[in-house]
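Below is one structure; the comments refer to it alone.
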């Protein structure tokens, strides 16, 4: 490497280091952590417990069917009852509804 190339390389590294975001910004963007691995693990455990508790309070599929919120007929069972030529039209209608 020539001396000129070395100098360009040093200048480029210096410029990149000057442009580096502050530590606070890196923490805000979740690139670096201020918490220890143990603290992050405990946080995840707490979140998991809370999520499981909330999911256990959700009504089951049977309860939703009894309240007429969820219908037991699935798209697959509808397709089985139809002629194959009708499948394409049903799929197009389903895609249009999204």
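The values are calculated or read from the model by the stated rules, or taken from the named source; none is laboratory data. Nothing here was measured: the structure is a model prediction, and the numbers come from that model. Methodologically, a virtual Cβ is constructed for each residue, glycine included, from the backbone with ideal geometry; neighbour enumeration extends over all protein chains shown.
Numbers below:
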| item | result |
| --- | --- |
| For residue 59: the one exception among (1) surrounded by 10 or more Cβ atoms within 10 Å (Cβ to Cβ); (2) part of a helix (DSSP H, G or I) | (2) |
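A quick yes/no check of all residues on (1) farther than 30 Å from residue 21 by Cα; (2) surrounded by 11 or more Cβ atoms within 10 Å (Cβ to Cβ); (3) modelled with pLDDT under 85; (4) touching a helix residue (DSSP H, G or I) at 6+ places or on another chain (Cβ under 7 Å):
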| site | (1), (2), (3), (4) |
| --- | --- |
| 31 | no, no, no, no |
| 35 | no, yes, no, no |
| 42 | no, yes, no, no |
| 45 | yes, no, no, no |
| 49 | yes, no, no, no |
| 52 | yes, no, no, no |
| 55 | yes, no, no, no |
| 66 | yes, yes, no, no |
| 72 | yes, no, yes, yes |
